[in-house]
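Take a look at the structure below.
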Amino acid sequence: MVPMSKKSTPEQTGDAETKKALRIGHADLPDDLYSSGSQGVAVWDHEQNLVCWSHECVEFWYKPEAILQPGMPMIDLLRHIAKKGGLGDGDAATLAQTELDRVRQAGPESEDDFRMLGGRLIHVQRNALAGGGHASTYTDITDRQRAVDELKEQLENFQQAERMGNVGHWLWDKVDDRLISCSEEYARIFGITVKDCIEATDSFKLDVGWVHPEDQDRYANTVMGEPGFDIEYRIVTCDGDICHVRGFGEPVFDDNGVVICTRGTLQDISRYRIAEDALAVSEAHYQEIFDEAPATLCVEDWSPIKQMVDQLADDGVTDFAAYIAAHRDWAVDAYNAATVLQTSKASLKLYGAANTIEYKEITQGDSILPEEIDAFIEVLLGLIKGIWTFDLEMMDKNVAGSKFLARTRGIIPPSYRHDWSRLIYSMEDITEKNASKQALRMAKEEAEAANRAKSEFLAHMSHELRTPLNAITGFVQMMMNETFGPLGGPKYREYAGDIYDSGLHLLSLINDILDLSKVEAGEIDVSQTEFPLRRTITECITLVSAQDMNQMGRIHVEPSDNDINLYADIRIFRQVLLNLLSNASKFTPADGKIVISYNKNADDSVAIRIADTGVGIALDDMAKVLEPFGQARQSISTTHEGTGLGLPLSHKLMRLHGGSLALESEIGVGTTVTIVFPSQD
């Protein structure tokens, strides 16, 4: 080898001069060395001494300008590179010797890569020269390697995506009718290797039987006849397993528009099909359970209502309760915007509907009840506030138009609370249950009222019974002790009268109680006779006046042109009339009056009226005074003697007789009692 002079040092010349110098320095260098696109070229002799180099090498060698010269041993250059950090961390001399030993061991025909500080990747290609030594070409492959790495990563990602999606790709030569290439995932679906796929081209023809027998005709018509297709079918793998696949293919054309090949994908959808079948079975079971559930179930889509609410919010509405109260027509439109998705048979039966369509016609439209809208608004305002469950009672109606009271309980499940697309609710007809509840409550209230009335009655009767008994025992004791002298004096005759009156009063109290008990036990017989009404009324007035002289002149009978004979039980008539007159007398002041009138009605029934100008009865007490022990508040007073059984006993006696007793009264004005005896017929 001829050493180069300093005058012709390569780094001091241009590219053309560098190549010329290299040729002069080593004439047997191949021509393609200069046209290979290399970024740097250096020649070494057989003793690993530098012969010549291009100026691009200087940068790769970490700029050794101060020591660089022809004949320079490689170890010196390596020490320089090691000191610059180009061979890694450690002692520079050791690193340089290790690298030199590696190059010698690799030989003149070798290649390797090294990464410079800063990340640049350099590829070194060594070529042996005929005259001895070797030429090294240095190529910066940083960008190329990055592209290769990216391509490799993309390929790995693509292959991973294929594996994850159970999708394989393939390319089919339409001219030679053979498989050109396929991916590993494609071959795996069939249970063979890629090599087997390529070599066993005929295995993919229809007549071999990869396609399931039941799908072969459809496959042939779709895949074999057209270059482009999208089809689901089944294949029988090498192991005999049935695999559901989806094949997709598209044609590739040449410049003349002729199909030269078909490329596409094959996806194993077995697990999806199994999942779909399982889901279908599950949905069928769910639908059966839903349809046959004894409870009334319904599923609705309220997403249109959610959109209407969102629109109001966008328009600036914040007080939804106030807005809906002022725009009830908006609430009606929102109510009708819901879509009925499912109804159980029990729901249809409740409404008398034949199907879901008829159910919706009943529960929506122009015929909805105001109570339904009220309930809807209550639920809607709750949903707006994030209250996802509801339990309320509302009035509804069925196909026949009959109203019923329904208890409705519902929820929007968590998965649908973002758009309200599923609202599930149940309904229960509680009309009878509510009526029973109301009846039970009323019965309870009546029982409590009766119990209170009996307590009040007993308290009152303790006074009523004690008063005449005290009088009787007191007067008798005075007579026994002859307090006012020997018996026979005028004072004792007065006491005897008081004793008699008290005894009669006590007997009257006891008779009222006993008579009421007999009536309620059905032990009083009605024996009807005909008697003159006017005369009997007069007799009763005389009896009442005889008991209380203050009544003389207060009780009047209005004149009547007709002399009426009454066909009734005279004992019952007298007892009722005496009770009514006695009652009127007790509650009518001394300056008041009591008027009796009577007439025969068109149906031959006879009506007798007893009208007084007494204290009257409050409207709330009208029903109470007709019940046993149910005196009006004004009558529960020790200033008025009696059991309070007069009106209830008279009422029951009239009903026992087949007649009636009616009250008309006004506080401070008076009371009119009308009794009606039925006709003789």
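Just so you know, all these numbers are worked out from the coordinates, no wet-lab data involved. Since the structure is predicted, the reported quantities are computational estimates derived from the model, not experimental observations. Note that we place each Cβ from the backbone using ideal geometry, even for glycine, and neighbour counts take in every protein chain shown.
Over 26 Å between C-alpha atoms is what I'm after, so list which of Lys397/Lys433; Lys385/Lys433; Lys345/Lys385; Lys306/Lys433; Lys403/Lys433; Lys397/Lys437 land there.
Over 26 Å apart, Cα to Cα: Lys385/Lys433; Lys345/Lys385; Lys306/Lys433.
Express the relative contact order of segment 79-125 as a whole percentage, based on alpha carbon pairs under 8 Å and six or more residues apart in sequence.
Relative contact order comes out at 26 percent.
Based on the Cβ-Cβ distance of Met395 and Thr237, what FRET efficiency does E = 1/(1 + (r/R0)^6) give at R0 = 51 Å, to the nearest 0.05?
Once rounded, the FRET efficiency stands at 0.20.
Give me Thr137, Thr389 sorted ascending by neighbouring Cβ count inside 10 Å, so fewest comes first.
The most exposed by this proxy come first: Thr389, Thr137.
Which far-off residues, 5 or more places away or on another chain, put their amide H under 5 Å from the one on Ile524, with H placed in the peptide plane?
For Ile524, whose amide H was placed from the backbone, there are no distant partners under 5 Å.
How do Val673, Val175, Val576 line up, fewest other C-beta atoms within 10 Å first?
The most exposed by this proxy come first: Val175, Val673, Val576.
Along segment 658-665, what does the Karplus equation 6.51 cos²θ - 1.76 cosθ + 1.60 (θ = phi - 60°) give for ³J(HN,Hα), rounded to whole Hz, x for Gly and Pro?
Result, ordered by residue: x, x, 8, 9, 10, 10, 9, 8 Hz.
Which of Ile198, Ile610 has the fewest other C-beta atoms within 10 Å, and how do the rest follow up to the most?
Listing Ile198, Ile610 from fewest to most nearby Cβ atoms yields Ile198, Ile610.
Under 5 Å between amide hydrogens, which residues at least 5 positions from Ile555 or on another chain qualify, with H placed 1.01 Å from N in the peptide plane?
Amide H neighbours of Ile555: Ile594.
Express the relative contact order of segment 93-174 as a whole percentage, based on alpha carbon pairs under 8 Å and six or more residues apart in sequence.
17
Under the 0.36 nm per residue contour assumption, what length would be gained going from the current alpha-carbon distance of Thr674 and Asp254 to full extension?
Difference between extended and current length: 139.7 nm.
Report ³J(HN,Hα) in whole Hz for each residue of segment 586-598, in order, from the Karplus equation J = 6.51 cos²θ - 1.76 cosθ + 1.60 where θ = phi - 60°; Gly and Pro get x.
5, 10, 10, x, 4, 8, x, 8, 10, 10, 10, 9, 8
What does the C-alpha gyration tensor say about the overall shape of segment 374-455? Classify as rounded when a/c is under 1.5, otherwise prolate if a/b is larger than b/c, or oblate. Intermediate results must be reported in sequence, preceding the final value.
On the way: a/c = 3.90, a/b = 2.24, b/c = 1.74.
Note, shape of segment 374-455 comes out prolate.
Would you compute, for the Cα atoms of segment 293-429, the largest minus smallest coordinate along each principal axis and list the three values in descending order, in whole Å?
Largest first, segment 293-429 extends 43, 31, 23 Å along its Cα principal axes.
Compute the relative contact order of segment 293-429 as a whole-number percentage, counting only Cα pairs closer than 8 Å that sit 6 or more residues apart in sequence.
On the way: 206 pairs, mean separation 44.2, N = 137.
This gives 32 percent for segment 293-429.
Can you compute 3J(HN,Hα) from phi for each residue in segment 404-414, using the Karplus curve 6.51 cos²θ - 1.76 cosθ + 1.60 with θ = phi - 60°, rounded to whole Hz and x for Gly and Pro?
Once rounded to whole Hz, the list reads 8, 8, 10, 9, 10, 10, x, 7, 9, x, x.
By how many nm would the segment from Asp620 to Ser527 grow when fully extended, if each residue of separation counts as 0.36 nm and the alpha-carbon distance is taken off?
My answer for the length gained is 29.9 nm.
Please list, ordered by chain and number, the residues whose modelled amide H lies under 5 Å from the amide H of Ser660; skip anything fewer than 5 residues away on the same chain.
When sequence neighbours closer than 5 places are left aside, the close amide H contacts are Val676.
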